[in-house]
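Comments concern the structure below.
The values are calculated or read from the model by the stated rules, or taken from the named source; none is laboratory data. Quick caveat: nothing in here was measured; it's all calculated off a predicted structure. With ideal geometry, Cβ positions are generated from the backbone for all residues, glycine too; neighbour counts draw on all protein chains shown.
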Amino acid sequence: GATIGILGGGQLGRMLSVAAARLGYRTHIYEPAANPPAGHVADRVTTAPYEDLDALAAFAEAVDVVTYEFENIPASALDALEAHRPIHPNRRALTISQDRLIEKAFLRDLGLQTAPFAAVDDAEDLAEALAEIGCPAILKTRRLGYDGKGQARLNGPEDADTALAAMAGAPSILEGFVNFSREVSVIAARSATGEVAAFDPGENIHEGGILRTTTVPAQLTNAERTDAVLLAGKVLNALHYVGVMGVELFVTDAGLVVNEIAPRVHNSGHWTQNGCAVDQFEQHIRAVAGWPLGDGSRHADVVMENLIGDDIDRIPDLAREANTAIHLYGKAEARPGRKMGHVNRIVTKG
Ligand code: ATP
Ligand code: MG
Ligand code: MG
């Protein structure tokens, strides 16, 4: 049978592997860290760094198609892989989502609304950006941030020095603070033949920069719900994208503002595992393997709750709840802020 190569062995790689296995594929994980969550369910694991171009070439030759569960793959590694096998989603989607400045410029050029933004490399840039954008604002590193890491809030110009120091010299972006009423995300997919589908938007609550819950349906007007889905389709089509993408949105009085895009399955799409016939993981595998997209229509109201750190101690209680599906990632050690699993509570049926 065919083999799907997955870069990254975290929980997303694990759940992608399970979905691939259900569709009859073998999976091969490439992961620098030892004992990754996906390693327990994949057929094969290569443990090597992204600097090991020989290991990458051997991995690519052992699989039929390459996909990934996180976006921070070095360009040199992608070159080494792409010399042997196709990568889905494509390089352009990765390049754009790896850098918040390039990402925001791309979205703005598509005609979508973003937070006001400016590049910041030093104190002078920051002073200029603050004069233009005003406060409150958020300074973020352009690359490598996740779960709210690499960000500093500025309530006034007096916070400039501390915020800049927090970036530790990394190229950064200043974003004006968006006054949103809620945060939602759209998980959308595009197949190799250009078919596009989107799951119902979910409403997201963050705590300490980390996603806490996703609720479907989101509280949106019909117009907002339609806009969210059309906007996601526009992004996918512009990129000739193949696979699943997560699009994070702010809901404002002036319409939807795009926060960021993730060229992969997304934590806020985990509810689809118990709310749809075909979930985001199967949808992604279908797309990258050249299948038609599946039926992702929502058949239940669901609240997804992440189990972070010590939340894992609640498993005995959660296991007794009716209509609650438990998804654990098999991580040995529960550290603060570490995503250990999630539950999907089916609130109502149909
Ligand atoms: P993720 O784990 O989703 O990749 P991240 O580290 O890339 O997170 P962002 O999504 O940029 O970070 O920001 C995290 C959260 O901070 C957002 O979900 C939102 O609640 C808040 N936030 C970020 N940027 C802005 C902004 N410009 N205006 C208002 N709130 C913001
Ligand atoms: Mg992000
Ligand atoms: Mg985010």
Quick one: count up the residues across region 126-144 that are touching a helix residue (DSSP H, G or I) at 6+ places or on another chain (Cβ under 9 Å) and either aromatic (Phe, Trp, Tyr) or surrounded by 18 or more Cβ atoms within 10 Å (Cβ to Cβ) (or both). 8
Just for region 74-101: of the residues that are under 19 Å from SER17 (Cα atoms) and buried (at least 18 other Cβ atoms within 10 Å of the Cβ), which one is nearest to ligand 2 (Cβ to nearest atom)? PRO89
Test: residue in region 228-241 that is on the phi > 0 side of the Ramachandran plot and away from ligand 3 (no atom under 16 Å from the Cβ): yes
Listed residues LEU94, LEU144, LEU101; which is over 27 Å from GLY255 (Cβ atoms) and in contact with a strand residue (DSSP E or B) (Cβ under 9 Å, 6 or more places away or on another chain)? LEU94
For region 190-227, the count of residues that are surrounded by fewer than 23 Cβ atoms within 10 Å (Cβ to Cβ) and either of a type in the set (Ser, Thr, Tyr) or in a helix (DSSP H, G or I) (or both) equals 11
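Out of all the residues in region 233-265, which are within 16 Å of ligand 2 (Cβ to nearest atom) and under 19 Å from ALA192 (Cα atoms)?
VAL235, VAL244, MET245, GLY246, ALA262, PRO263, ARG264, VAL265, listed by residue number.
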Look through GLU321, GLU282 and report the one residue that is more than 25 Å from GLN219 (Cα to Cα), outside the structural domain of SER17 (by TED's automatic domain parsing), over 21 Å from the mean Cα position of the chain (by Cα) and of a type outside the set (A, V, I, L, M). GLU321
For region 263-314, what are the residues that are surrounded by 19 or more Cβ atoms within 10 Å (Cβ to Cβ), aliphatic (A, V, I, L, M) and closer than 22 Å to LYS331 by Cα? VAL265, MET304, LEU307, ILE308
Matching residues in region 231-267 (in a loop (DSSP other than H, G, I, E, B), away from ligand 1 (no atom under 16 Å from the Cβ) and aliphatic (A, V, I, L, M)) number 2
Hey, GLU128 assigned by TED's automatic domain parsing to the domain that holds LYS234, at pLDDT 95 or above and either out of contact with any Gly (no Cβ under 7 Å at 6 or more places or on another chain) or not basic (Lys, Arg) (or both) or not: no
Answer from GLU175, GLU203 - the residue that is more than 30 Å from PRO74 (Cβ to Cβ) and either among the charged types (D, E, K, R) or in contact with a Cys (Cβ under 7 Å, 6 or more places away or on another chain) (or both): GLU203
Find all pairs meeting these conditions: Cβ atoms under 6 angstrom apart; at least six residues apart or on different chains; first residue within region 224-246 and modelled with pLDDT of 95 or more; second residue polar (S, T, N, Q) and assigned to a helix (DSSP H, G or I). VAL244/GLN280; VAL244/GLN283
Out of all the residues in region 154-161, is one or more within 16 Å of ligand 3 (Cβ to nearest atom), out of contact with any strand residue (DSSP E or B) (no Cβ under 9 Å at 6 or more places or on another chain) and not aromatic (Phe, Trp, Tyr)? no
Subset of region 132-149 that is among the small types (Gly, Ala, Ser) and not in a strand (DSSP E or B) - its residue that is farthest from ligand 3 (Cβ to nearest atom): GLY134
Quick one: ALA152 ticks every box in (1) outside any strand (DSSP E or B); (2) within 14 Å of ligand 1 (Cβ to nearest atom); (3) under 26 Å from ARG338 (Cβ atoms); (4) among the hydrophobic types (A, V, I, L, M, F, W, C) except a single one, so which number is it? (1)
When you go through GLU203, GLU207 one by one, which is the residue that is under 20 Å from GLN113 (Cα atoms) and of a type outside the set (Val, Ile, Thr)? GLU203
